[in-house]
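The values are calculated or read from the model by the stated rules, or taken from the named source; none is laboratory data. Please read these numbers as outputs of a predicted model, since none were measured by experiment. Every residue, glycine among them, receives a Cβ derived from its backbone with ideal geometry; neighbour counts consider all protein chains shown. Surface areas here come from the heavy atoms of the whole protein model, side chains and all, with no ligands, DNA or RNA. Shrake-Rupley method; radii C 1.70, N 1.55, O 1.52, S 1.80 Å.
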Amino acid sequence: MQLNWNDSLNFGRKWTLRRLWNLINVLASYCLTRWTGRPIQWGLPVTLSVEPTTACNLRCPECPSGLRAFTRPTGNLEADFFRRLVDDTCRDVFYLYFYFQGEPYLHPKFLEMVQYAHERRLFTVTSTNGHFLDDTNARRTVESGLDRLIISVDGSTQDTYAQYRIGGSLEKVLQGARNIVAWKRRLGARRPHIIFQVLVVRPNEHQIDDLKRLAREIGVDEVKLKTAQVYDYKNGHALIPRQKRYARYIQMADGHWAPRLLLRNHCWKLWHACVVTWDGVVVPCCFDKDASHRLGDLKETSFRAIWQGPGYQNFRQNILKGRKEIDICTNCAEGCSVWV
């Protein structure tokens, strides 16, 4: 599970001169923003996250989909709306992430949408809990042209796995990964690049080496470790790992817990990435899970008008003034490079 050259070459092939120019504009405007302290935005986002559905088969305890705790409307992305969004942005956007909340494979036309984006040379990625990768879906996934497949595997034994992935079957997930590997080999395909993503929590932090071994045995390309966001962390939480390197929080001298990262009043994501809910609402980032900061509605306004409009600019300005004043930014690791 070293650097995968197929994935790297595939990543490189997706770039066009226009997309590179867009990236240069985005980078330049962000650097100029950092220098001047004023929100300057050139170009369109490099990365676009689209939510196929809010539905999920599991009940993970720190997830609005799992808790069935949304206050916003729930539903499935309309395929026609998705195609219009892709057509409107694909000349500039490079990276399309099929995920926000919910389980993407529950959308009946999910893989058709992946194929549509693939045909427009977008670098396509999705994240799944892995319960719907049966033999048929595994073959369709490989044939769709999906570039990266992130599979959540949060334990090397069923008992540990189910402590976070409530209602899930580890064996079903592992078999799904085996199905993808098998179809890649049968079809002679170089993609998708398969990633086991481990949300490191206290119940599974002792199983990291076992998970890496499982990935090697199955033929998975990469293992990524991810720190867990906990909503109610101030008094400690049973999910916070004991090993500091895996924890997003630290216990303070007074006994309370706080995020380990120092907040900086800037955020790269607000310049290069964008999130669109299933019903066309644009929100700042993936931390706004309930879409409480609505920056525009694509059913009423064009994407470019929203991206460079007053709602986005005001939010960027507020980030520059003080992240601590924005609820979704106080428990976020993006843009924070200094550890306590």
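Brief remarks follow.
- Dividing the C-alpha radius of gyration of the range 7-159 by 2.2 N^0.38 Å, with N its residue count, gives 1.17.
- Compactness ratio for the range 123-269: Cα radius of gyration over 2.2 N^0.38 Å (N = residue count) comes to 1.19.
- Relative contact order (%) - the range 134-197, alpha-carbon pairs under 8 angstrom, separation at least six: 51
- Stretching I208 away from R186 to a fully extended chain increases their span by 4.9 nm, per 0.36 nm per residue minus the current alpha-carbon distance.
- Only Lys, Arg (+1) and Asp, Glu (-1) charged, at Cβ; the range 181-340 dipole about Cα centre in debye: 640
- Segment K226..W35, full-extension length gain: 65.7 nm, with 0.36 nm per residue of separation and the alpha-carbon distance subtracted.
- Under the convention that each Lys and Arg Cβ holds +1 and each Asp and Glu Cβ holds -1, the size of the dipole of the chain around its Cα centre is about 920 debye.
- Rounded to the nearest 500, the 222 nm mean residue ellipticity of the chain from helices alone is -10500 deg cm²/dmol, with -39,500 (n - 2.57) taken per DSSP H run of at least 4 residues.
- Net length gained if the chain between T157 and E217 were fully extended (0.36 nm per residue, minus Cα distance): 20.1 nm
- Remark: spin-label model distance T330-R304 equals 3.9 nm, labels positioned 7 Å along the Cα→Cβ axis.
- For the listed residue pairs K172/K226; K109/K269; K234/K289; K289/K324, the alpha carbons are over 24 angstrom apart in K109/K269.
- Over the range 213-300: Rg over Rh, Cα atoms, Kirkwood Rh: 1.08
- Normalised per residue, the accessible area of the chain is 46 Å², obtained with a 1.4 Å probe and no contribution from ligands, DNA or RNA.
- For the chain, the direction-averaged projected area of the alpha-carbon convex hull comes to 16.8 nm².
- Accessible carbon and sulfur surface of the chain relative to its total accessible area, %, 1.4 Å: 51
- Positive-end residue of G155, T126, C60, charge dipole of the range 11-168 with Cβ unit charges: T126
- Positive dipole terminus of the chain, leading residue within N331, V281, G102 (C-beta point charges): N331
- Note: relative contact order over the range 1-123, using C-alpha pairs below 8 Å and six or more positions apart, is 30 percent.
- By the Cα gyration tensor, the range 180-245 has an equivalent ellipsoid whose semi-axes, rounded to whole angstrom, run 32, 12, 7 from largest to smallest.
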